[in-house]
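Reading through the structure tokens given below for one structure.
The values are calculated or read from the model by the stated rules, or taken from the named source; none is laboratory data. Because the structure is a prediction, the values reported are computed rather than measured. Backbone-built Cβ (ideal geometry, glycine too); neighbour counts: all protein chains shown.
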Amino acid sequence: MSELEFVWDPPKDELNRRKHKIAFEDAKHAFTAVLDESFNSTVKGEDRWQLIGFSETGIILIVIYTMEDYKIRFISARPLNPCERKKIARLFRQRR
């Protein structure tokens, strides 16, 4: 089995850093500390997925990405907003 490879567009990474204060390099860690993952949408024929996981520094992130041939291409990565944090907390209380 092949290992996952992470790829991204450098200008998109810079935009994400400015807008959300999260570098795609840092978002890779969320794939090793996954809380939830789901299909998000199809945009221009491309399936986009949403993953919720921890950054290396413990921030809970939402990562939007596409995947093809073991390559994960980042679309966006950002911290959860307060409403999303409440939903995640409820989800985990229900799973107990």
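Per-residue answers, yes or no, for (1) in a loop (DSSP other than H, G, I, E, B); (2) out of contact with any His (no Cβ under 9 Å at 6 or more places or on another chain); (3) acidic (Asp, Glu); (4) closer than 23 Å to residue 19 by Cβ:
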{"position": "50", "(1), (2), (3), (4)": "no, yes, no, yes"}
{"position": "56", "(1), (2), (3), (4)": "yes, no, yes, yes"}
{"position": "63", "(1), (2), (3), (4)": "no, yes, no, yes"}
{"position": "66", "(1), (2), (3), (4)": "no, yes, no, yes"}
{"position": "75", "(1), (2), (3), (4)": "no, yes, no, yes"}
{"position": "78", "(1), (2), (3), (4)": "no, no, no, yes"}
{"position": "86", "(1), (2), (3), (4)": "no, yes, no, yes"}
{"position": "90", "(1), (2), (3), (4)": "no, yes, no, no"}
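Give segment 48-64 a look and list any residue that's of a type in the set (Gly, Ala, Ser) and crowded, with 16+ Cβ neighbours inside 10 Å, or say none.
The answer is 53, 55.
Are there any pairs with C-beta distances below 8 angstrom linking a residue in segment 65-78 that is touching a residue at least 24 places away in the same chain (Cβ under 8 Å) to a residue that is among the polar types (S, T, N, Q) and loosely packed, with under 12 Cβ neighbours inside 10 Å, with the two at least 6 apart or on different chains, and if so which?
70/2
In contact with a Gly (Cβ under 9 Å, 6 or more places away or on another chain), over 25 Å from residue 11 (Cβ atoms) and at pLDDT 90 or above, is that true of residue 60?
So residue 60 fits the description; yes.
Could you say whether any residue in segment 29-37 is among the hydrophobic types (A, V, I, L, M, F, W, C), in a strand (DSSP E or B) and surrounded by 15 or more Cβ atoms within 10 Å (Cβ to Cβ)?
Looking for residues that are among the hydrophobic types (A, V, I, L, M, F, W, C), in a strand (DSSP E or B) and surrounded by 15 or more Cβ atoms within 10 Å (Cβ to Cβ), one finds at least one in segment 29-37, hence yes.
State whether one or more residues within segment 4-24 are basic (Lys, Arg), within 12 Å of the chain's Cα centre (by Cα) and at pLDDT 85 or above.
no
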